[in-house]
Amino acid sequence: FDDAEICEDAVINLTTLLNPAIPGTFSGNNVSGNNFTGSNTGNFTVLFTPNNLCLDESQAEITVNPNIIYTLETSTLCETDPLLDLGDLADPNFPLGSWSGPGVSGNFFDPNNLSGFITLTFTPDYECALPKNTIIEVDPAAEPVLTGAVVCEDGPAISLGPLQDPVFPNGTWSGDGVVSGTSFDPPGLLGAILLTFTPDDYCTQPASVLITV
């Protein structure tokens, strides 16, 4: 009857420890039928009584090791953010393992085309460390709605503020005719002029609008 080590909460079939396997009965703490469950940690003695009365009883020591306790970080991303290195979410004391879930490729997470709360699973490469889940929140990318304008070539400069989406008031304008970052000066320009507004807000995309001169 061979000794064994298992992890907390694990179950072992005691018949696998008999050498050779013979009919009989197991008894002891945490024993149920032919199974031993590591419901608590420590060292446990299991007794085997053979059905054959001519054979002696034997015993084995089962050591139950505690499960490893580790933590995972969470993260919030925009769907247009670059790949996230999932190593940044792992417990630095237990960094080795494999990740699975939507958007996962190897040790990286791609938020593109995902949104909401995404559940990922980390399976550690350590004995007595159980898989654990963490959450990544992916926010959908927003894009301001801009208002176009028609101006005369010889007209005065206009403020670009009224063309902005009031939901995204802060940002930077760029394009031909943009001066001081906040106004458009039409002299020397003609036709449809494409301007771009890049918001300062998190998880927003640049938006373009036409000013006709």
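The values are calculated or read from the model by the stated rules, or taken from the named source; none is laboratory data. Bear in mind the structure is a predicted one, so any value in this text is a computation, not a measurement. Cβ coordinates were reconstructed from backbone atoms using ideal geometry, including for glycine residues, and neighbour counts include every protein chain displayed. The accessibility values were calculated without ligands, DNA or RNA, using every heavy atom of the protein model including side chains. Shrake-Rupley method; radii C 1.70, N 1.55, O 1.52, S 1.80 Å.
Below is a table of values for the structure above.
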item	result
Most mobile listed residue (N65, N40, N19) in the chain, GNM with C-alpha springs under 10 Å	N19
Residue among G161, F108, L89 farthest towards the positive dipole end of segment 53-192, charges placed on Cβ	G161
Size of electric dipole in segment 83-177: Cβ of Lys, Arg +1 and of Asp, Glu -1, about Cα centre, debye, nearest 20	280
Gain upon complete extension [N52, S100; 0.36 nm per residue less C-alpha separation]	12.3 nm
Solvent-accessible surface ranking, highest first, for L18, L130 at 1.4 angstrom	L130, L18
Cα centre as origin, Lys/Arg/Asp/Glu Cβ charges: the chain dipole, Debye	360
Neighbour-limited loop hits for GluC sites (Glu not before Pro), segment 123-171 (at most 15 other Cβ within 10 Å; DSSP other than H, G, I, E, B)	E127, E153
Farthest positive-ward along the chain dipole, Cα basis, beta-carbon charges - from C7, P50, L72	P50
Rel. contact order, % - alpha carbon contacts under 8 angstrom, at least six apart, segment 9-142	19
Accessible surface of the chain [probe 1.4 Å, protein heavy atoms]: carbon and sulfur percent	51
Average accessible area per residue (Å²) across segment 18-77 - probe 1.4 Å, nucleic acids and ligands excluded	60
Förster-model FRET efficiency, 25 Å R0, C203 and N93, C-beta, rounded to 0.05	0.20
Cα-based equivalent ellipsoid of segment 88-143: semi-axis lengths in Å, sorted from largest, via gyration tensor	25, 10, 9
Kirkwood hydrodynamic radius over Cα pairs of the chain, then Stokes diffusion coefficient at 4 °C and 1.567 mPa s, in µm²/s	56
Net lengthening on full extension, N65/T196 (0.36 nm per residue, minus Cα-Cα)	41.0 nm
Mean projection area, nm², convex hull over Cα of segment 110-213	9.0
Neighbour net charge for P124 - beta-carbon separation under 12 angstrom, K R +1, D E -1	-2
The chain: most fluctuating residue of L77, L14, L89 per GNM, C-alpha cutoff 10 Å	L14
For F197, net neighbour charge (Lys/Arg +1, Asp/Glu -1) across residues whose Cβ lies under 13 Å away	-4
Segment 154-192-segment 1-58 distance, computed between alpha-carbon centres (Å)	81
